[in-house]
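Below: one structure, written as structure tokens.
The values are calculated or read from the model by the stated rules, or taken from the named source; none is laboratory data. None of these values were measured; they are calculated from a predicted model. Cβ atoms come from the backbone with ideal geometry, glycine included; neighbour counts cover every protein chain shown. We work out accessible area using only protein heavy atoms, side chains counted, and drop any ligands, DNA or RNA first. Shrake-Rupley method; radii C 1.70, N 1.55, O 1.52, S 1.80 Å.
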Amino acid sequence: MLTTAQIEDAAARLEEAERTGRQIGQLSLQYPGMTIDDAYRVQSAWVALKVAGGRRIKGRKIGLTSRAMQLAVNIDEPDYGVLLDDMFFDDGGTIPTDRFVQLRVEAELAFVLKSPIAGPDCTIFDVLNATDYVVPALEILDARIQRVDPATKTTRKVVDTIADNAANCGIVIGGRPFRPDAADLRWVSVICARNGRIEETGVAAGVINNPANGIVWLANKLAAHDVALEAGQVILSGSFIRPIDCTKGDTIQADYGPFGTVSCHFS
């Protein structure tokens, strides 16, 4: 287990990396024995720094929900991060690339809650009953920690991603909001294009068979820390496409068919 001083140092360096746009080295190389619990402690310390600086928590995100992604990083469950008020961007809006380091985008569904959800015995029915509406979304990802170590060519580990707020840095909500019982959530699909060229397609069942199951997992996971999902929060349930690399000048559009489109442009 990392010491409190090591946790606070890692959080401070992540904050500096985001502020300056200069990545830090992999924490997993600096601390070979670093655990997933350590990684969440770093994430929490970093979020605490942001809240102390005036940011507000507006929701949560769930990542690594597909079996393929879990196998790629050698874990058997998803991960989670925090959505802050300055991470929300307008549908069809322009996002400044100089705020980020290595941009990627994923397509998923966001759940907006009308009542709290708490574990440890949360079920899918609890999630559906607590959801006001579901809405198409784009999640913007960044890497404040190097994805590949330049010296050893070692790729980052899941503890690096978790510490890095599960790679989250932004969210765009758009399309047509709908009630959770207005569609079979498993079969909601997306066609995602970059600059008019289709890059990825996917079906929401790729998220633990139903994106609502991602919220179930999160509520039960957070219960161990006496944390509940709160009314009004936005919960990103997990991507059902692979991440799309983005650079300055790119326009991303995700077409959710009958549920509309959501887009953004990187300037």
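May I ask you to derive the FRET efficiency for Asp184 and Lys114 from their Cβ-Cβ distance with R0 = 22 Å, giving the value to the nearest 0.05?
Values: r = 21 Å, r/R0 = 0.95.
Plugging the Cβ-Cβ distance into 1/(1 + (r/R0)^6) gives 0.60.
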Solvent-accessible surface (1.4 angstrom probe) belonging to Thr94, in square angstrom, nearest 10: 90
Set of aspartates and glutamates with alpha-carbon distance to Lys248 below 16 Å, sequence-local pairs under 8 removed: Asp98, Asp142
Additional length obtainable on full extension of the chain from Ala223 to Arg22, 0.36 nm per residue less Cα span: 68.9 nm
Pairwise FRET efficiency - Glu77 versus Ala151, Cβ, R0 = 41 Å, nearest 0.05: 0.85
Value of relative contact order over the range 144-261, rounded to a whole percent, pairs C-alpha under 8 Å and six or more apart: 28
Isotropic mean projected area of the C-alpha convex hull, the range 1-143 (nm²): 10.4
Eligible aspartates and glutamates near Lys221 by straight Cα distance, threshold 17 Å, same-chain separation 8 or greater: Asp37, Asp38, Asp76, Glu77, Asp79, Asp121, Asp126, Glu230
The range 153-166 - phi-based ³J(HN,Hα) in whole Hz, Karplus 6.51/-1.76/1.60, Gly and Pro as x: 6, 6, 7, 5, 9, 4, 5, 5, 5, 4, 4, 7, 6, 6
Cα gyration tensor category, rounded, prolate or oblate, for the range 206-267 with a/c compared to 1.5: prolate
Label selected from (i) 19.7, 67; (ii) 17.5, 52; (iii) 25.3, 79, the criterion being Rg and Dmax of the Cα atoms in Å as computed here: (ii)
Span-like helix ranges in the chain, DSSP H, alpha carbon extent 27 angstrom or more, Kyte mean at least -1.0: none
With DNA, RNA and ligands ignored, accessible area of Tyr256 (1.4 Å probe; Å², nearest 10): 0
GNM top mover of Thr20, Thr247, Thr152 - the chain, alpha-carbon springs below 10 Å: Thr152
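Given R₀ = 41 Å, FRET efficiency for Thr35-Thr97 by Cβ-Cβ distance, to 0.05? Please report the intermediate quantities before stating the final value.
On the way: r = 34 Å, r/R0 = 0.82.
According to the calculation, E is roughly 0.75.
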Amide H contacts under 5 Å for Leu2, placed H, 5+ residues apart: Thr35
